[in-house]
Amino acid sequence: MFGKSDVIPGRRLTLGITLTYVSLFLFIPLAAFMLYASGMGFEKFFAAVTDWRNVHAYGVSFFCALTAGIINALFGLIIAWVLVRYDFRGKKIMDALIDLPFALPTAVAGIALTTLYAQNGLLGKIFYGIGIETAFSPIGITIALIFVGIPFVARSVQPVLKELDPQLEEAANLFGAGNWTIFSKIIFPELIEPLLTGFALAFARGIGEYGSVVFIAGNMPYETEIAPLMIMTKLEQFDYQSAAAIAIVMMILSLTILLGIHGWQARQLKRIGGVVGA
Amino acid sequence: MRESIWLKRTLIFLAASFLFVMLIMPLILVAKEALSKGVDFYFAALTDEFALKALWLTIEATILAVALNTIFGLASAWLLTKFDFRGKTFLGSLIDLPFAISPVVAGLFFIMLFGRMSPLYPLLQEYNLAIVFAVPGIILATVFVTFPFITRELVPVMESQGRSEEEAAATMGANGWTIFRRVTLPNIKWALGYGIVLCSARALGEFGAVSVVSGHIRGKTNTLPLHIEILYNEYNFTAAFAVASVLVLLAIIILILRNLIENAGKASLQVSNLKAGVAND
Amino acid sequence: MFKFKKWATVFLAAGLIFSAGIMSGCGSDSASNSGKKEFLNVSYDPTRELYAAYNEKFHEHWTKELGNGEVTLTQSHGGSGKQARAVIEGLEADVVTLALAYDVIEIKNAGLIQGGWQNEFPDNSSPYTSTIVFLVRKGNPKNIRDWDDLIRDDVDIITPNPKTSGGAQWNYLAAWEYARRKFNGDEAQVRDFMKKLFANVVVLDSGARGATTSFVQRGQGDVLIAWENEALLSKKDNPDAYEIITPSLSILAEPSVAVVDKIVDKKGTRSLAEEYINYLYSPEGQEIAAQNFYRPRNQEILAKYSDTFKPLELFTVDEAFGGWVKAHEHFKDGGSFDQIYQK
């Protein structure tokens, strides 16, 4: 549309700030870490990465984080919707509560959740009664990950929903479009991006989460061991390099997902941009 | 869009019950445990000399991390949404990288960079600069784990706003700062507010990364979450929860502050929204 | 213009705070060079109260009784292995007081502590000890008396993972040695015993404190294998809910102390560090250890607290396993502990 010559000023300034900051706080520390890890040689890296117990732990982390991410995406959307669109008593409180999972240190969250969801806990009693083991099981891990991920989706969707132009909806309404049509054709497409962003962040956070999970997981080998626990195990053996190897695998896993989602979004945007441009 | 009343009620009910089970109950539990030995014990735990020192350090690290990340967030979101360039997708993902890294590992990054195993270590020793196992390391780790929040909040909103308003303003000869202040900022106020709140909440509660670089020196490098861990590990359950409740209270204070600023700015916001509406037509 | 001012103020404030942060970081460092001495004891959980009390006492001893200059004694606590790593990574500890000798050996291997540290102070450089006991629910409903009861099918066990909790390695070694004596050293039978024992473990927490919470707060398991001092701490918190069972044979857990040679030589705090550790062996130091549920080495003071510390047959790691380097083989990747869980 506008080609290479920018109309909006600030390209150099923002590029400068962004790159400096990314290098200082991200690249240089990452490089130092990689430099250290590279000392281990391929064989040791391979052995640490493919150890069946570690592979199992990646699996547990991956699936629990995925499940938690999906549940958070669903409820995050509902929460954001309710908060933006409706007026009801207690709305302000609800709005205020959403960020609290971040402020509570993860270990405290983990202990509180385990107290609630263990067999003798308030909620655990109910769940165990119907045969669902909500603590010391993959379900328990998922519960902890849902907790730490609550703010991501709700807070990504909320601002977009708030800034959404109401005129389109009104117009559609005038033309007799039903609620579902308006939602699925007009509102939802706008929300896909923040929804995916929120999901990806919750998911990535879930894969790396340690503090809250370790209390509720039970940490049984081949059952409920999570990948970050395996890193801690290696560190506890003063084996920095194997720990780094597992960390690198997890990093690649999360980064692939984030890249995938960003790539998809970029394509979507181009498509939409193309339509608008035409 | 007019929803039927039952749909509205169902959705509110779903949202409320989800939050109740997943969020409110754990928080009630924290409060209950914190007060289980009475109010006197609660305040004694909070006014402990080392708890107060840890509180101050936590606040210091949080303010710094939020301030730095706000500058970075605004710059990077502007860059990512107002311009096209090669490697944009990659840069976007790179900014998210701290989320993909387990906090413990993030802490190790700084150990490898500034610790005894680092090639930089002799240099730091020579100038007597303590970075890890001192306050600067804690701040670095906090910045790292909260790195993407504000960018991530701003980008979707700025993306959906498009560039036309800024372009119009630029064509009319407004400079960058004016465009940002008069056109962009009113539109992204909400998102920026959320970003800052999320960022500060996360910074307050950060444990994993800070724990690695802190050294846990009592009264010097212990943040509040680390102080909680120590209390818990010495079987001082109630005091640990009492101190944890302070972090929740701090997060609530930040939210109230945000609401106050929001309300104060509402009048001007409405005016600019009106303008924006006109510009859209 | 109003908004511009506001933002400018925010940025200015941020800049100021940032520089203040850096200053305070460096400031504290330069303070250690000028006049007032700073002294750091890097210890493990849960010794905070022990060393809080001890530091107060020692400060008086150092400045008043010995007439030395003012010194600020600071302390740091965390998991033993994590603390050892922090020292290796550059945390400037004058002395370390950790849960097991292996962690000190790792610091030695990093070149910070000289060889022979274990003979530098009396009793293997271990001024106070503890042992491994069982914590059971009041009335001992499953009638757990000794290690043999732990492999019964109806007993659920809570113990931390020895791979993430250094302290839990003592639990494992105690059980192993019991089985070794019982089966006259038949390794296949010993491994079978350990396999049965860990098959009964329902939650393998990452640390001792987490395991205690699983047992006490969550009601998981029938028995918690724990350090005696931690079992006593849980019982102090909840006197009516639990009982401590002392097995017929257990391990003498010897938390290790050492002067970090590289650091004290750099800082010029060697005499202070040595006195700090020596004073732990004094009657005053031993008394403080006993009050915090560690078994004092001083027999008179141990006798004074005989209500708390029940006598039992104890063996040391050196006797049974030939030192920590060998004992640690059990917890290496693919070691006997990993083999228990191998499929």
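Any read-out appearing in this document is the output of simple, stated calculations on the displayed coordinates, not a laboratory observation. Every value quoted in this text rests on a predicted model; they were computed, and no experiment measured them. Neighbour counts run over all protein chains shown; Cβ positions are idealised from the backbone, glycine included.
So here's what we get for this one:
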read-out: Student exercise, region C:194-343 dipole from Lys, Arg, Asp, Glu Cβ charges, in Debye to nearest 20; value: 440 debye
read-out: Theoretical ellipticity at 222 nm over chain A - DSSP helices of four or more residues, -39500 (n - 2.57) apiece, nearest 500; value: -24000 deg cm²/dmol
read-out: Assigned charges on the beta-carbon of Lys, Arg, Asp, Glu; region B:37-280 dipole about Cα centre (debye); value: 460 debye
read-out: Karplus-derived HN-Hα couplings along region C:87-104 (A = 6.51, B = -1.76, C = 1.60, θ = phi - 60°), whole Hz, x at Gly and Pro; value: 5, 4, 7, x, 6, 7, 8, 7, 10, 10, 10, 10, 7, 8, 4, 4, 5, 5
read-out: Angle between chain C longest axis and helix C:228-237 axis [Cα atoms, degrees, rounded to 10]; value: 80 degrees
read-out: Three-way shape label, region C:227-343, alpha-carbon gyration tensor, a/c 1.5; value: oblate
read-out: Among A:Val7, C:Tyr51, B:Leu27 the positive-end extreme of the charge dipole of the protein assembly as shown (Cβ point charges); value: A:Val7
read-out: Taking N as its residue count, the alpha carbon Rg of chain C over 2.2 N^0.38 Å; value: 1.14
read-out: Peptide A:193-206, shielding by other chains (average Cβ, 10 Å cutoff); value: 4
read-out: Zone of C:Asp237's modelled label, taken as backbone nitrogen in region C:195-221 under 14 Å from a point 7 Å along Cα→Cβ; value: C:207-220
read-out: Rounded FRET efficiency, nearest 0.05, which uses the C-beta distance separating A:Thr50 from C:Asp146 and R0 of 41 Å; value: 0.50
read-out: Reachable aspartates and glutamates from C:Lys266, criterion Cα separation under 18 angstrom, eight or more residues apart if same chain; value: B:Glu126, C:Asp29, C:Glu38, C:Glu89, C:Glu92, C:Asp94, C:Glu274, C:Glu275
read-out: Region A:42-277, relative contact order [Cα under 8 Å, separation at least 6], %; value: 31 percent
read-out: Cα convex hull of chain A, projected area averaged across orientations, nm²; value: 20.2 nm²
read-out: Whole-Hz ³J(HN,Hα) from phi, Karplus 6.51 cos²θ - 1.76 cosθ + 1.60, for region C:105-110, glycine and proline x; value: 4, 4, 5, 4, 4, 7
read-out: Among C:Asp222, C:Asp45, C:Asp237, residue whose mean-square fluctuation peaks in a GNM of chain C (springs only between Cα atoms under 10 Å); value: C:Asp237
read-out: Peptide ranges A:197-209, B:13-25 listed from the most packed, as the mean C-beta count within 10 angstrom indicates; value: A:197-209, B:13-25
read-out: Relative contact order %, chain B, counting alpha carbon pairs below 8 Å whose residues are six or more apart; value: 30 percent
read-out: Burial ordering of B:Ser160, C:Ser271, fewest other beta-carbon atoms within 10 Å first; value: C:Ser271, B:Ser160
read-out: Which listed pairs, of C:Lys57/C:Lys108; A:Lys162/B:Lys82; C:Lys82/C:Lys196; C:Lys142/C:Lys182; B:Lys53/C:Lys262; B:Lys37/C:Lys310, have C-alpha distances above 24 Å, in listed order; value: C:Lys57/C:Lys108; C:Lys82/C:Lys196; B:Lys53/C:Lys262; B:Lys37/C:Lys310
read-out: Inter-site label distance for B:Thr171 and C:Lys57 at 7 Å from Cα along Cβ, in nm; value: 8.2 nm
read-out: Summed side-chain charge close to A:Ala68 - residues other than A:Ala68 whose Cβ falls under 10 Å, Lys, Arg +1, Asp, Glu -1; value: 0
read-out: Charge context of C:Ala241, other residues only, Cβ under 10 angstrom, K/R +1, D/E -1; value: 0
read-out: Shape of region A:1-146, Cα gyration tensor, a/c cut at 1.5; value: oblate
read-out: Residue among B:Thr142, B:Thr151, B:Thr47 with the largest mean-square fluctuation in a Gaussian network model of chain B, springs linking Cα atoms under 10 Å; value: B:Thr47
read-out: Descending principal axes extents, the protein assembly as shown, alpha-carbon based, whole Å; value: 91, 65, 59
read-out: For C:Thr74, distant residues with modelled amide H under 5 Å away; value: C:Phe39, C:Leu40, C:Asn41
read-out: Histogram of C-alpha separations across region B:37-280, 5 Å bin width, %; value: 1, 6, 12, 14, 15, 14, 11, 10, 7, 6, 3, 1, 0, 0
read-out: Top positive-direction residue, dipole computed over region B:37-280 with Cβ charges, set B:Leu108, B:Ala201, B:Leu94; value: B:Leu94
read-out: Neighbourhood net charge (13 Å Cβ-Cβ; Lys/Arg +1, Asp/Glu -1) for B:Arg202; value: -1
read-out: Ranked A:Ser156, C:Ser80, A:Ser38, B:Ser118, criterion: other C-beta atoms within 10 Å, fewest first; value: A:Ser38, B:Ser118, C:Ser80, A:Ser156
read-out: Length gained when the stretch C:Tyr341-C:Ala199 is fully extended (0.36 nm per residue, less Cα-Cα span); value: 50.2 nm
read-out: Reach of B:Lys88 by Cα under 18 Å, taken over lysines that are not fewer than 8 positions away in the same chain; value: A:Lys4, A:Lys270
read-out: Rg followed by Dmax, in Å, when region C:194-253 is reduced to its Cα trace; value: 11.9, 33
read-out: Nearby aspartates and glutamates by direct alpha-carbon distance to A:Lys44 (threshold 17 angstrom, same-chain neighbours under 8 apart not counted); value: A:Asp239, C:Asp333
read-out: Listed residues A:Phe183, A:Phe102, A:Phe62, most fluctuating in chain A (Gaussian network, C-alpha, under 10 Å); value: A:Phe183
read-out: In nm, spacing of pseudo-spin labels at A:Glu43 and C:Ile244 (7 Å Cα→C-beta vector); value: 4.9 nm
read-out: Given charges at beta-carbon only (K, R positive; D, E negative), |dipole| of chain A in Debye; value: 520 debye
read-out: Simple spin-label estimate for B:Phe90 and C:Asp186 in nanometres, 7 Å along Cα-Cβ; value: 6.5 nm
read-out: Relative contact order for region B:68-209, counting Cα pairs under 8 Å that sit 6 or more residues apart, in percent; value: 36 percent
read-out: Phi to ³J(HN,Hα) by Karplus 6.51 cos²θ - 1.76 cosθ + 1.60 over region A:214-224, Hz, x for Gly, Pro; value: 5, 7, 9, 6, x, 6, 7, x, 6, 10, 10
read-out: For A:Ile98, distant residues with modelled amide H under 5 Å away; value: none
